[in-house]
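Nothing in this text is a laboratory measurement; each read-out follows from the coordinates by a stated rule. A quick note: this is a predicted structure, and the numbers were derived from the prediction, not measured. No Cβ is skipped: glycine too gets one built from the backbone with ideal geometry, and neighbour counts run over all protein chains shown.
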Amino acid sequence: MLENALTIDDLKALARRRVPKMFFDYADSGAWTESTYRANESDFARILLRQRVLVDMTERSLATEMVGQSVAMPVALAPTGLTGMQHADGEILAAQAAEAAGVPFALSTMSICSIEAVKAATKKPFWFQLYVMRDRTFIERLIDRAKAAGCAGLVLTLDLQILGQRHKDLRNGLSAPPKFTPKHIWQMATRPLWCLQMLGTRNRSFGNIVGHASNVGDLSSLSSWTKEQFDPRLSWKDVAWIKERWGGKLILKGILDVEDARMAAASGADAIIVSNHGGRQLDGARSSISALPGIVDAVGDRIEVHMDGGVRSGQDVLKAVALGAKGVWIGRPFLYGLGAGGRAGVARAIEIIRNELDVSMALCGKRDIRTIDTGIIDEAPWPV
Ligand code: FNR
């Protein structure tokens, strides 16, 4: 029951029971040995907060801005591929839940529901995440479609020129729609509600790709398709070209290194997201939260710095904000909510994070998220 879910882990346990294994594993996994995936979460626990008492806590505010947009709290739903396989119409339901909660939603290039389908089902502008493929005509058309849909920002992902080694997906034979092999049929048969809901929608393949790309190729093997289609030569020159073609707010996602952060700041983008793709790309890279302070120190006065990776509670959000993040993005937390209970599940995930953020902030003796800085940090394993 969603009401009984008090933590993101509770939602994860519910999602595991409702989503076919190959799609649950797609969310709940990292690359190779998954050490970076684990470090993203565990490094948050190594940061200690300063408990303060006897400060009047009656009025509190989490509201702030992300990339010039007013938000109810500094949290956004990160772009995630195949979200419509966690739950039928997943991208639409997540976008609606985000809209109702006053936080931004970013739609992945690799979404199941298309840009136009999400636009038709929502009232406020959402953000669009772009992967750069070799077929530049297709990329131009994607940018134009995002513009036509009134998207408020373009999130350009830089850390997937080639795909990380995702063993679970390879072992599971991940595809969308699922293949009809005995293994996959069995996985779906054990999740009847998921199947019923999926039968009720037409959104079952990649809505932004199929019917829109000139060379769709064979999407039944996602890893070889990515190898063929994604552009391994993506460069800073392309960033300039995309910035010009887009003409709106540009957020560069997937920066983990101070040198890259300096290049990003020089590119004229509006924001960067310190990210290792949720531990799904370079296994062995450092955690996002440990990379954040150095990057904020190097470029925080020139460009808005956000982060994602391993955030599983509102307290993690608070720690990231204290270390300089103006925005904190969550991927798996909302996917688990979606798998557990569709739109209501995403709303529950957001609510859990908001409540924990509010309580943790208050117990640190602070009333306004905009006043949070390193002063609330008692101890961290890195210089802050
Ligand atoms: C992702 N991520 C991602 N990023 C992106 O730019 N485009 C995409 O299509 C996807 N797809 C995707 C699928 C799934 C299942 C996950 C879990 C993640 C990465 C995502 O935007 C974000 O960086 C991480 O999810 C953040 O880590 P947490 O919050 O999941 O720990």
Exercise. Taking the Cα centre of the chain as the origin, how large is its charge dipole in debye, to the nearest 20, when only Lys and Arg (+1) and Asp and Glu (-1) carry charge on their Cβ atoms?
Worked result: 1000
Seminar exercise, completed: Connecting every pair of Cα atoms under 10 Å apart in the chain and solving the GNM, the largest mean-square fluctuation among Ala72, Ala31, Ala88 falls on Ala72
Exercise. Projected onto the charge dipole of the range 1-97 (+1 at Lys/Arg Cβ, -1 at Asp/Glu Cβ, origin at the Cα centre), which of Ala13, Ser70, Val55 gives the Cα projection farthest towards the positive end?
Worked result: Ala13
For this session: Let me know the Rg and Dmax you get for the range 2-379 when you use only its Cα atoms, in Å.
Result: 19.7, 63
For this session: Only Cα pairs under 8 Å and at least 6 apart count here; give the relative contact order of the chain as a rounded whole percent.
Result: 29
For this session: Only residues of the range 207-227 count here: report those whose backbone N is under 12 Å from the spot 7 Å along Cα→Cβ of Gln197, or say none.
Result: none
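Name the helices (complete DSSP H segments) of the chain with a Cα length along the long axis of 30 Å or more and a Kyte-Doolittle mean of at least 0.0, or state none. Before the final figure, lay out the partial values.
Numbers: long enough: 332-363 (32 Å, 0.41).
Going by DSSP H runs, the hits are 332-363.
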Problem set entry | Mean residue ellipticity (222 nm) of the chain, computed from DSSP H runs ≥ 4 via -39,500 (n - 2.57), nearest 500 | -12500 deg cm²/dmol
For this session: Would you work out if the range 25-120 is rounded, prolate or oblate? Take a ≥ b ≥ c from the square roots of the eigenvalues of the alpha-carbon gyration tensor; rounded if a/c is under 1.5, else prolate when a/b is larger than b/c, oblate otherwise.
Result: oblate
For this session: Set Lys and Arg Cβ to +1 and Asp and Glu Cβ to -1, take the dipole of the chain about its Cα centre, and tell me which of Ala148, Ser42, Leu193 lies farthest positive.
Result: Leu193
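Placing unit charges on C-beta atoms (Lys and Arg positive, Asp and Glu negative, everything else neutral), compute the dipole magnitude of the range 33-140 about its Cα centre in debye, rounded to 20.
Values: 10 positive and 12 negative charges, 47 e Å.
The dipole of the range 33-140 has a size of about 220 debye.
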Seminar exercise, completed: Comparing Ile143, Ile330, Ile185 in a Gaussian network model of the chain (Cα, 10 Å), the one with the largest mean-square fluctuation is Ile185
Exercise. Between Asp257 and Arg245, what is the spin-label point distance in nm, taking each point 7 Å from the Cα along the Cα→C-beta axis?
Worked result: 2.5
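Take the alpha carbon gyration tensor of the range 229-384, find the square roots of its eigenvalues, order them as a ≥ b ≥ c, and report rounded if a/c is under 1.5; if not, report prolate when a/b exceeds b/c, else oblate. Intermediate values should be presented prior to the final figure.
On the way: a/c = 1.83, a/b = 1.31, b/c = 1.40.
The shape class here is oblate.
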Exercise. Could you give the distance between the Cα centres of the range 70-110 and the range 190-215, to the whole Å?
Worked result: 17
Seminar exercise, completed: Within the set Cys151, Cys113, Cys364, GNM on the chain using Cα springs under 10 Å gives the largest fluctuation to Cys364
